[in-house]
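Student: Got a structure for you, questions after.
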Amino acid sequence: MIHRPRRNRASAAIRSLVQETSLHPSHLVQPLFLVDGKNKKNIIKSLPGIFQVSIDHALKEIEVCVNNGVNSFILFPAVEDALKDTKASYSYAAKNFYLKAIKEFKKKFPEICLISDVAMDPYSSDGHDGFVENGKILNDKTLPILAKMAIAQADAGIDIVGPSDMMDGRIGYLRNTLDEKGFTDTSIMSYTAKYASAFYGPFRDALESAPKSGDKKTYQMDPANKREALLEAELDYAEGADFLMVKPATIYLDIIQQLKQNFPIPIAAYHVSGEYAMLQAAAKNGWLDYHKCLEETLLSIRRAGADVIISYGARDYAIYCKK
Ligand code: PBG
């Protein structure tokens, strides 16, 4: 035998020397679900280990993450029903607790990176990401609403806005509006290839944001499609996106690889609520080792080509790998 691949696996030292893919807490983004009020830490049944937190608890959570090397956070608001309307007007209201949270997080931790969510669903009485009229999601009437939301977030000090709505043309629309208002340094992480996935279930439980009628298939992508992700990516890139995101992650590794090979900007992958919940559920039953499976999962997403991974397990992984 001339080639014996096992020689390169003989010791931990050799294995670490030839390791092709790296995974570091600095690649990870921790999602936070925010609620209004004080001293709140509400359980989310379908997302063990993740809570709806008020600003005070969120600050503690951020501190734990930062101490373990996770410096980026993506923020989602759990809004009470009474504040929801058809135009998502609370999303840019001056007294919105989400905007207040952005300011407080930045004040206490100026060095962290904050990513927002730009979509109507957490604020919409229809539970859709876009504006609904006569049962239809209207693309062009949604864009100005998204822009108002993004401007309010930029004004509060967000580093990166994250449009997760999948409306056509929104990256260009947001870039233009942000630039016009002087927010030329605010980045855009586009949910480029966001699939109409059943794996978002626990997230919708967390925000009580499921659509009141119909589904999201007229704007989110068909899980059967791969070339269409290239079209979405070309448009987002041309319209000025700073990051392209694929979502979900582990069941769309081929899409991550495809975007990585074809575009010169960072690729993000969202390891979504359902993907995380599956690991937790199996671990709870004693069927899988949570930390080892989490590590292997995150590594596979990196190996496929993701520069950035958003995962509910970000903090857990960071603490685990420090040990
Ligand atoms: C909504 C949004 C969703 C997620 C992020 N932003 C859910 C949806 O599209 O219904 C899902 C994230 C997750 O499942 O972890 N704009």
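The values are calculated or read from the model by the stated rules, or taken from the named source; none is laboratory data. Since the structure is predicted, the reported quantities are computational estimates derived from the model, not experimental observations. Cβ: placed from backbone, ideal geometry, glycine included. Neighbour counts: every protein chain shown. Only protein heavy atoms, including side chains, enter the accessible area calculation; ligands, DNA and RNA are left aside. Shrake-Rupley method; radii C 1.70, N 1.55, O 1.52, S 1.80 Å.
Student: Which of the residues spanning the stretch 179-219 are away from the ligand (no atom under 12 Å from the Cβ), under 25 Å from Pro266 (Cβ atoms) and among the hydroxyl-bearing types (Ser, Thr, Tyr)?
Tutor: Correct list: Thr184, Thr186, Ser187, Ser190, Thr192.
Student: Checking Thr142 against (1) in contact with a strand residue (DSSP E or B) (Cβ under 7 Å, 6 or more places away or on another chain); (2) under 27 Å from Leu59 (Cα atoms); (3) open to solvent by less than 50 Å² (accessible area, probe 1.4 Å), only one condition comes out false. Which one?
Tutor: (2)
Student: Only one of these is among the small types (Gly, Ala, Ser) and farther than 14 Å from Glu239 by Cα: Ser124, Ser187. Name it. It would help to see each step written out before you state the result.
Tutor: Working: Ser187 fails: farther than 14 Å from Glu239 by Cα.
Within the list Ser124, Ser187, the selection yields Ser124.
Student: How about the stretch 1-53: which of its residues are open to solvent by less than 100 Å² (accessible area, probe 1.4 Å), more than 20 Å from Val70 (Cα to Cα), in contact with a strand residue (DSSP E or B) (Cβ under 9 Å, 6 or more places away or on another chain) and not aliphatic (A, V, I, L, M)?
Tutor: Matches in the stretch 1-53: Asp36, Lys40, Asn42.
Student: Considering only residues that are more than 25 Å from Leu244 (Cα to Cα) and loosely packed, with under 15 Cβ neighbours inside 10 Å, look in the stretch 111-139 and name the one that is farthest from the ligand (Cβ to nearest atom).
Tutor: Asn134
Student: Further question on the same structure: If I ask for residues that are open to solvent by 10 Å² or more (accessible area, probe 1.4 Å), within 30 Å of Asn42 (Cβ to Cβ) and not basic (Lys, Arg), which ones from the stretch 201-219 would you list?
Tutor: Gly201, Pro202, Phe203, Asp205, Glu208, Ala210, Pro211, Ser213, Gly214, Asp215, Tyr219 - these are the residues of the stretch 201-219 that are open to solvent by 10 Å² or more (accessible area, probe 1.4 Å), within 30 Å of Asn42 (Cβ to Cβ) and not basic (Lys, Arg).
Student: Additional query: Would you pick out the residues in the stretch 257-287 that are aliphatic (A, V, I, L, M) and away from the ligand (no atom under 16 Å from the Cβ)?
Tutor: Leu259, Ile265, Ile267, Ala282, Ala283
Student: Do any helices (runs of 4 or more DSSP H) lying entirely in the stretch 91-207 carry at least 3 residues that are at pLDDT below 95, and which ones are they? Break it down into steps so the answer makes sense when it comes.
Tutor: Numbers: elements: 97-108, 139-156, 170-180, 201-207.
In the stretch 91-207, 201-207 are the helices (runs of 4 or more DSSP H) which contain 3 or more residues that are at pLDDT below 95.
Student: Scan the stretch 177-223 residue by residue and report those that are free of Cβ contacts under 8 Å to residues at least 40 places away in the same chain and at positive phi.
Tutor: Gly182
Student: I'm checking my understanding of the structure. Among residues of the stretch 237-254 that are more than 16 Å from the ligand (Cβ to nearest atom) and not hydroxyl-bearing (Ser, Thr, Tyr), which one is least open to solvent (accessible area, probe 1.4 Å)? So that I can check it myself, show each step before the final result.
Tutor: At the first step, the residues of the stretch 237-254 found to be more than 16 Å from the ligand (Cβ to nearest atom) are 237-242, 253-254.
From what's left, not hydroxyl-bearing (Ser, Thr, Tyr): 238-242, 253-254.
Values: Ala238: 86, Glu239: 50, Gly240: 26, Ala241: 9, Asp242: 56, Leu253: 43, Asp254: 65 Å².
Among residues in the stretch 237-254 that are more than 16 Å from the ligand (Cβ to nearest atom) and not hydroxyl-bearing (Ser, Thr, Tyr), the one least open to solvent (accessible area, probe 1.4 Å) is Ala241.
Student: In the stretch 158-174, is there at least one residue being closer than 25 Å to Ser72 by Cα, surrounded by fewer than 23 Cβ atoms within 10 Å (Cβ to Cβ) and basic (Lys, Arg)?
Tutor: The answer is no, given that none of the residues of the stretch 158-174 is closer than 25 Å to Ser72 by Cα, surrounded by fewer than 23 Cβ atoms within 10 Å (Cβ to Cβ) and basic (Lys, Arg).
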